[in-house]
1. Which residues, taken from the stretch 63-81, are over 21 Å from the mean Cα position of the chain (by Cα) and not in a loop (DSSP other than H, G, I, E, B)?
2. Whether any residue in the stretch 123-143 is assigned by TED's automatic domain parsing to the domain that holds residue 49, touching a helix residue (DSSP H, G or I) at 6+ places or on another chain (Cβ under 6 Å) and at pLDDT 85 or above is what I want to check.
3. Pick from 70, 48: which is at pLDDT 90 or above and closer than 25 Å to residue 202 by Cα?
4. Has the stretch 50-62 got at least one residue that is within 25 Å of residue 194 (Cα to Cα) and crowded, with 22+ Cβ neighbours inside 10 Å?
């Protein structure tokens, strides 16, 4: 049975206890990582997400259905609550596939989360205490944790600002203003990267149409 699958296409951390402090969440995801080859459902869901990101909705639905078929086979060995959960998630995925086929808009985040939940219920050894993480490569995990810490500290300063006065309050406000400006810069950079990625896609489609760029790649963890 797989322990932690190295999936670069899922960007989520779920079911984290609301009362955990910052130290308990920072760094926990870097333990017990096992590199595992993707299951058939992983591969099909990856293709579905790739097609969705490229606005190829009918193709995305087709890959999603293939992933569902594979997931049903992969879940044959499980029972109990995990079986019930994965069947519920399969039902949700089937609804999403139908919506994609009929042109009904869906949120990419919801598609990703539903896929993640289904895969987790098949491979329930992902559970680490009360926290579940779908891992990207370690450096991306560190970046995600840094962003999480950044936002927590920003919210803490905002919540305490009205209890401060004088130079302390001014320094806090300056930090808030700087953080907001930094977030805007990051949003702009992300949009530029997305636009540039689309340009590269157009180039590949025009000049190298047979080249298929996977949404994620499996890399060994050293």
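1. 69, 72, 73, 74, 80, 81
2. no
3. 48
4. Checking the stretch 50-62: at least one residue is within 25 Å of residue 194 (Cα to Cα) and crowded, with 22+ Cβ neighbours inside 10 Å.
The values are calculated or read from the model by the stated rules, or taken from the named source; none is laboratory data. Bear in mind the structure is a predicted one, so any value in this text is a computation, not a measurement. For neighbour counting, all protein chains shown are included, and Cβ atoms are generated from backbone atoms with ideal geometry for every residue, glycine included.
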